[in-house]
1. Could you check the stretch 249-278 and list, in sequence order, the residues that are more than 16 Å from K233 (Cβ to Cβ) and surrounded by 17 or more Cβ atoms within 10 Å (Cβ to Cβ)?
2. Go through (1) in a helix (DSSP H, G or I); (2) outside the structural domain of Y80 (by TED's automatic domain parsing); (3) out of contact with any Leu (no Cβ under 9 Å at 6 or more places or on another chain) for D122 and report which single condition fails.
3. Determine which member of the set N439, N466, N462 is surrounded by 16 or more Cβ atoms within 10 Å (Cβ to Cβ), outside any loop (DSSP other than H, G, I, E, B) and modelled with pLDDT under 75.
4. On the basis of being at pLDDT 75 or above and farther than 28 Å from N385 by Cβ, does E492 make the cut?
5. Filter the stretch 125-145 down to the residues that are touching a Leu at 6+ places or on another chain (Cβ under 8 Å) and under 19 Å from V202 (Cα atoms) and list them by number.
6. Out of the residues in the stretch 75-89 that are touching a strand residue (DSSP E or B) at 6+ places or on another chain (Cβ under 7 Å) and hydrophobic (A, V, I, L, M, F, W, C), which is farthest from I103 (Cα to Cα)?
7. So for the stretch 398-421 (the condition being of a type outside the set (F, W, Y), assigned to a loop (DSSP other than H, G, I, E, B) and at pLDDT 95 or above), does at least one residue qualify?
8. Can you confirm whether I162 is closer than 22 Å to N71 by Cα and surrounded by 15 or more Cβ atoms within 10 Å (Cβ to Cβ)?
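The values are calculated or read from the model by the stated rules, or taken from the named source; none is laboratory data. Only a predicted model underlies this, so the values are computations on that prediction, with no experimental measurement involved. Neighbour counts run over all protein chains shown; Cβ positions are idealised from the backbone, glycine included.
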Amino acid sequence: MSTLKEKRNIVYDFIKNDNLDDLHKYVTENKVELKILNKSNFDILVIAIDYCVSTKFIQYIIQESYYRTLNYYLQYNIRYGRKDYVSPLVMALIRNNYSIADILLKKGANINFKIDNRDLFDYLFHFNNYNAKTIEYILEKGINSPSNENVLHLIMNSRNHILETVVNHFNFSNMTILQLLSFYKYQHSLTTEQFQNFFLNVINFTEDMYEKSIKFDNYTALRILILKDKKDKYQICSILFKILTKNNHSVDSFIYFLNNDGVTLPFNTKKFLDNFRDIYERKRKIRELVLQDNLSLLNQYIKENEFYLSYYNDKEDDILMFAIEKKVSYDMIKYILSHCYYSTFNYTIGHSQNPLLEALYQSRFDVATLLISYGADINYKVFFNDPILYFLYYHKITPQQLRYCVRHGVVLTDDAFDLVYKLIENSQNRLLKVIFNQNIYSCESISLLLNFYRNKTKLSANQLMNLLYKEKCKVCIKKQWYKIAIQKQNYEALKILSNNDIYFLDKHY
């Protein structure tokens, strides 16, 4: 009787020679179960695909091997290649065998199946098999959009025809936008999956993509990005301006591209270049108008020169920081926020300059609230692990500043900085009271009590005390706070802690 190893060798020879008839005869006469021959590094189906056997042969193997799923992978020595992880579908596409790929997909193979978190785009790059026909095939079969890393790979390797094909396929087209608007207009409901699918298959044009196009002198790719990106021209110009400011060595080739590409771009290239060449004079004039608080002249100057305020910004100079530091009007700051493109308002200039932090230093709470409404995070780490609250504390935080921060969800204690500990340690009990007073009665709890009163709902003494007790216990008291209070003989802090500690209140109530 043949061993499993011998049976594998016999079947392997039949596959290698594309000899289906003899394989079938051997399996039938010897009652061989093909599925038991498969093991971690030996798979009949993958081997057959690697040797480019007939589609009839593939169908026979799938039928006789009783695969529970075709979405699996193994480590395999690929012919004329190297040892690597492959799935049946990956193997078919490596061999450019679309007929076999069709069979696999019909039998349940998933075009979006990932191997070790890598998709088909990754594998086609990995095996240097990024030909146009294979790309068109997987696009037609419904593959999800490629990762940003894969798009960058196309740009850096000047695979521009494929880049354009992929971008055109996954571009968030006007038709898609109209379709979404029609769902909204006619109030058609969408499942979460349907909604996500609209955005799953869209390429997000990132700053990195523009930067790599310029850095690698791939201006064909840059043209594709500019023409296909759904961002408005203001955002695109801001991104390009920022990249050129950082990469002076690319300026000449970029200017040549603008002057000789022959493609009409969605912005005034002459104005763009004028602003770039005269940036220092433009910045001087912008500073002057901001300091004058002259909104109408600033707006006029920007329009005449098509100078977007984001052109002003670089890693050391920022128009929003400048305006806040110079204490210009609320309306001027609001104008800057609405006319200057920022991908985030959580950023640091130098070591410790941040717009929200600066507004809080000045106790300009209207400006702070405006920044928060635009997405500024009151718990932003300004420098390494040091949050806004850390800098405020060492800048001699006032009760008003602390009250504002607490009301806007500041984290009082984390692994990097514990404000409560510091307040107890330095006997800053007035500020300590602010924390617990602000954390006691929320708007929701006050509304609840008012509703009880308005509706004449009766509460027992215990029910009322329980309600108030829950409100008092919002700050989780730490043991080390008691320890430092005792160590520093801060008895007032001990009293504040015990009055707001769930442990003590449990015993009392």
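1. Residues satisfying the conditions are S250, F254, F257.
2. (2)
3. N439
4. Considered against the rule, which asks whether it is at pLDDT 75 or above and farther than 28 Å from N385 by Cβ, E492 comes out as yes.
5. Within the stretch 125-145, I135, Y137, I138, K141, I143, N144, S145 qualify.
6. Applying the filter and picking the extreme gives I78.
7. yes
8. Against the criterion (closer than 22 Å to N71 by Cα and surrounded by 15 or more Cβ atoms within 10 Å (Cβ to Cβ)), I162 does not qualify.
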